[in-house]
């Protein structure tokens, strides 16, 4: 060992700006993130990972100029060193470093950036061996403080790639510090998920059982059965469920949370102007309530001009205002207190139908109105591509937070119980889980609850595997508080991510969902108490029925127990009459 360490030190002295092959990497994942702009950057995560000279201790060694422009060293008043890309004329003019990516590994990226004038987006870009540019994350950078740029990439092939930075503000310098690129194998990534699941979805409880005289009952047998999960994991449903017993049985066997695909939307409930019809939606609400199924309200408005009731497009501005006022009053009042969430203005990062017609504060005003009508229900901003695709500039995490801040700071909205809705419509091919996790880290730093609201995966030979990856990533992340899938049986018209065929027999994707439902609940078991009459066991958050059997008299004592999310360790003292 001493020889290895000595050799390592010699290597560092000879080539001080190269990443050290002897650097010790902790393979736990760093979930930390912030959307705050800091006076001084935080240290590089994972000590920089495979990045050479990540903190610029050795000036600008290991870094080159990409495109036009130039580089130089910067030093803050406190002596902190960083690199500056200046004299830029094109968005990709910046600094770069080449690294080797290994096929099948996930790479977590982070850096601290700022620009020297105004504000502007800065992205990390991976230039692949064939020249393809893959954007791995983006942040809104400012002048005078440091912003965390966090992202990631999945390596589909082993190749040499070039890491660079991009900003469309070509008049500004890009300042970069404390860069990190940490590789993880899929096995390590899965271990992060398992570790986080144990920490975030379970608590430990110690049961101590004594008889009426206070004597510990050695050998008492505990039978523990979970009756309800505290983590909302559900599936959408559509109108076919009203008259299909097979669909009803299939659904209720698995899920206690749902979203209606179209039945609450404006173009369904008011197909003809002035003629509201909630017959189908009401029937679905009754079915859900009769079966103990919680409902997300989806949606009050949709900002995409394509998905308005056909008659809306011909209205004058005054008529549109009146129609929209009637719509929100009608649907929210009708279901107030019966839902766990409202998607108030759907997809208003990508689209702006109501803002273009009624003014820039239209979304914020409708959130205020929904809050007035149903103050105890969580109001969500619901968007696609925030976690799915790193190249979508409109819906990146920082634009998402900016829009949400605009809504919540609007007069009258300060008391809203707000939520972050991330649809999760993944296409075919390997999901970029490193990017997905980084987005959840960033948005999770807001402290608001995150739900994956419409999860599905495009058709692919590996669809079931990719669906499992996405669901595990969401379930295990500390900031995610619920998941709804937009999937279902072929019998009900689902044709993208299909869980069951026309005869309600599982597809491979259906097998994955059933496996995870089973895995994410405590398996009924019997445990024998030790000499102190106690057992200690980790339990998923949720409700339990527990029976204790006295080993001598065989008498049974039953009680209920709830493992809550805010308890990491609990002790329960039981007294039973033998």
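No value in this document is a laboratory result; all are computed from the given coordinates. From a predicted model like this one, the values you see are computed outputs, not experimental measurements. Here the Cβ is made from the backbone with ideal geometry for all residues, glycine too, and neighbour counts use every protein chain on show.
Can you tell me what percent of all Cα-Cα pairs in region 295-411 are more than 24 Å apart?
Roughly 25 percent, rounded to a whole number.
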* Asked: In nm, to one decimal, how far is the modelled label at residue 511 from the one at residue 417, with both set 7 Å along Cα→Cβ?
  -> 4.0
* **Anisotropy class of region 443-522 from Cα gyration tensor, a/c 1.5 cut** => prolate
* Structure fact -> Under Stokes-Einstein, region 437-578 at 25 °C and 0.890 mPa s, with its Kirkwood radius over C-alpha pairs, diffuses with a coefficient in µm²/s of 132
* Structure fact -> The simple spin-label model distance between residue 291 and residue 87, using points 7 Å out along Cα→Cβ, in nm, is 6.9
* **Efficiency of FRET between residue 376 and residue 199 - r from beta-carbon atoms, R0 25 angstrom, step 0.05** => 0.25
* **Added length on full extension, which subtracts the Cα-Cα distance from 0.36 nm per residue, residue 246 to residue 360** => 36.4 nm
* Residue separation times 0.36 nm, minus the C-alpha to C-alpha distance between residue 322 and residue 191: what's the value? -> 41.8 nm
* Could you sort 59-71, 560-572 so that the peptide with the highest average Cβ count within 10 Å comes first and the rest follow in order? => 59-71, 560-572
* Enumerate the residues in region 534-578 having an amide nitrogen under 18 Å from the point lying 7 Å beyond the Cα of residue 225 toward its Cβ. => 540, 542-550, 555-563
* Asked: Over region 18-184, with a single point scatterer placed on each C-alpha, what log10 of the ratio I(q)/I(0) does the Debye formula yield at q = 0.15 1/Å?
  -> -0.76
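Please give the calculated 222 nm ellipticity per residue for the chain, where each DSSP H segment of at least 4 residues contributes -39500 (n - 2.57) and the sum is spread over every residue; nearest 500 deg cm²/dmol?
Dividing the helical sum by the residues of the chain leaves -7500 deg cm²/dmol.
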* Asked: Taking the mean number of other Cβ atoms within 10 Å as a proxy for protection, how do you rank 333-340, 541-548 from highest to lowest?
  -> 541-548, 333-340
* What does the highest-first list of 507-515, 198-206 look like by mean Cβ count within 10 Å? -> 507-515, 198-206
* Asked: What is the ratio of the Cα radius of gyration of region 232-519 to 2.2 N^0.38 Å, where N is its residue count, to two decimals?
  -> 0.97
* Asked: Once the piece of chain linking residue 530 and residue 160 is laid out straight, how much longer is it, given 0.36 nm per residue of separation minus the C-alpha distance between them?
  -> 127.4 nm
* Structure fact -> Plugging the Cβ-Cβ distance of residue 171 and residue 103 into 1/(1 + (r/R0)^6) at R0 = 41 Å yields, to the nearest 0.05, a FRET efficiency of 0.55
* Distance histogram in 10 Å bins (all Cα pairs of the chain, percent per bin) -> 3, 15, 22, 22, 18, 12, 5, 1, 0
